[in-house]
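Novice: Below are the structure tokens for one structure; questions will follow.
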Amino acid sequence: MGGEPAIDEVDLLRAHEYHLLALLLGRTPNAELLARLAGLEGDASPLGQAHAALAQAAAASDPAALEREFFDLFIGIGRGELIPYASYYLTGFLHERPLAGVREDMAALGIERAEHVHDPEDHLAILCEIMAGLASGRFDAGPAAGRQFFCRHLEPWAERFFRDLEQAASTPFYRSVGRVGRLFMAIEARAFAMDAEDVSTGAELRPAG
């Protein structure tokens with residue numbers, strides 16, 4: 001039978017993780033989302049334990065309090081405590097070369113910013129949503145596209161941002177978001193590094209004879 005090629009289960013889990021981070025960085029969670037997050041289950045791994053902590057924090061959180069903290073962290077009066085843009089983290093200024101690089105790669109991949117989105121494309125929520133689309137196959141790109149996009153646009157700064165979020169947050173909820181993001185970015189970086197090593201090693205092999 002024909003049809004779309006099956007997506008690897010690990011890639012689907014990666015896509016869900018990226019989509020979750022995009023949601024939590026893009027807007028304040030409402031009561032419905034908090035209820036869904038409260039149902040997250042963890043395992044014995046560090047990331048699984050971080051999921052369990054996020055679920056516990058979501059179950060105990062007040063949407064109004066999280067709305068205030070989201071504003072203080074990411075928006076603020078003039079600017080928030082944290083500025084979730086690649087340009088700022090990498091250069092100290094907004095709308096710099098990292099943003100141009102994201103736009104170049106989005107154009108090459110045929111990805112357009114949604115009309116209702118007004119943030120520059122190097123916002124971490126947007127970058128995570130792009131990675132979700134690449135991991136799930138929603139964007140029609142080759143198998144190496146996710147690794148290239150991650151290495152260019154997330155690896156240089158995203159783990160550091162999540163570590164800063166973990167330390168700056170005043171509520172258990174956003175500390176848990178920072179922990180989940182920090183651990184997941186580290187896992188992705190290690191996995192893509194191993195993929196690159198495998199590709200490099202394979203290129204050096206030659207058939208006998």
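Rule-based calculations on the coordinates, nothing more; no lab input. The model shown is predicted, which means the values in this text are computed figures rather than measured ones. Note: ideal-geometry Cβ built from the backbone for every residue, glycine included; neighbour counts use all protein chains shown.
Novice: Mean separation of Cα pairs under 8 Å and 6+ residues apart, divided by the residue count of the range 72-209: what relative contact order is that in percent?
Specialist: 19
Novice: Let me ask something else about it. Quick one: if the Förster radius is 25 Å, what FRET efficiency do Ala44 and Asp8 give, using the C-beta to C-beta distance and rounding to 0.05?
Specialist: Using R0 = 25 Å, I get an efficiency of 0.65.
Novice: Looking at the range 106-202, which GluC sites (Glu not before Pro) are in a loop (DSSP not H, G, I, E or B) and have at most 15 other Cβ atoms within 10 Å?
Specialist: Glu112, Glu115
Novice: Let me ask something additional. Checking understanding here: applying a Kyte-Doolittle mean of at least -1.0 and a length along the axis of at least 24 Å (C-alpha), which whole DSSP H helices in the chain pass?
Specialist: Flagged H segments are 9-26, 172-204.
Novice: Report, to two decimal places, the Cα Rg of the chain normalised by 2.2 N^0.38 Å (N = number of residues).
Specialist: Output field value: 1.08.
Novice: Right, something else. Report the FRET efficiency, 1/(1 + (r/R0)^6), for Ala108 and Arg163, where r is their Cβ-Cβ distance and R0 is 25 Å, rounded to 0.05.
Specialist: 0.25
Novice: If you don't mind, another one. Please work out how much length the chain gains when fully extended from His95 to Glu81, using 0.36 nm per residue of separation minus the C-alpha to C-alpha distance, in nm with one decimal.
Specialist: Result for the pair: 3.2 nm of gain on full extension.
Novice: Roughly how far apart, in whole Å, are the Cα centres of the range 1-73 and the range 114-170?
Specialist: What the calculation gives is 15 Å, centre to centre.
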